[in-house]
Amino acid sequence: MLTREALHTGVHRAFAIALSRYIDIDLPVINEGFTLGYTDTELDEIEKEAEPPVRDLVEKFEEEILPKNV
């Protein structure tokens with residue numbers, strides 16, 4: 001159950017941060033996943049490019065999501 005709650009909180013927090021920065025962002029479209037038309041290789045590159053800022057963001061709110069004893 002903790003894993004599901006942590007996942008929910010992380011996704012919720014990421015969407016809320018995106019919404020705070022981009023007022024006109026279409027969250028339901030983002031919820032559909034990646035834009036169609038990318039190859040698997042291109043998606044791998046996109047995910048690789050996203051990794052460093054993802055790591056930074058996780059560090060910023062890790063304590064909020066995970067209990068201190070985990």
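The values are calculated or read from the model by the stated rules, or taken from the named source; none is laboratory data. Note that the structure is a prediction, hence the values are computed from the model and not measured. When we count neighbours, we look across all protein chains shown, and the Cβ atoms used for this are built from the backbone with ideal geometry, even at glycine. Heads up: the accessible areas ignore ligands, DNA and RNA and are worked out on the full protein's heavy atoms, side chains in. Shrake-Rupley method; radii C 1.70, N 1.55, O 1.52, S 1.80 Å.
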Quiz item: Just how large is the dipole of the chain about the Cα centre, in debye to the nearest 20, putting +1 at every Lys and Arg Cβ and -1 at every Asp and Glu Cβ?
Solution: 400 debye
Practice problem: Specify which residue in the list Ala50, Phe15, Tyr38 is farthest towards the positive end of the charge dipole of the chain, using unit charges on the beta carbon of Lys, Arg (+1) and Asp, Glu (-1), about the Cα centre. | Solution: Phe15
Quiz item: Working out 0.36 nm times the residue gap between Glu62 and Thr9, then minus their Cα-Cα distance, what length gain in nm do you get to one decimal?
Solution: 18.1 nm
Quiz item: What accessible area per residue, rounded to a whole number of Å², is obtained for the chain using a probe radius of 1.4 Å?
Solution: 92 Å²
Quiz item: Suppose R0 equals 30 Å; then what is the FRET efficiency for Ala16 and Glu51 from their Cβ-Cβ distance, rounded to the nearest 0.05?
Solution: 0.90
Practice problem: Using a 1.4 angstrom probe on heavy atoms only, work out the carbon and sulfur share of the accessible area of the chain in %. | Solution: 56 percent
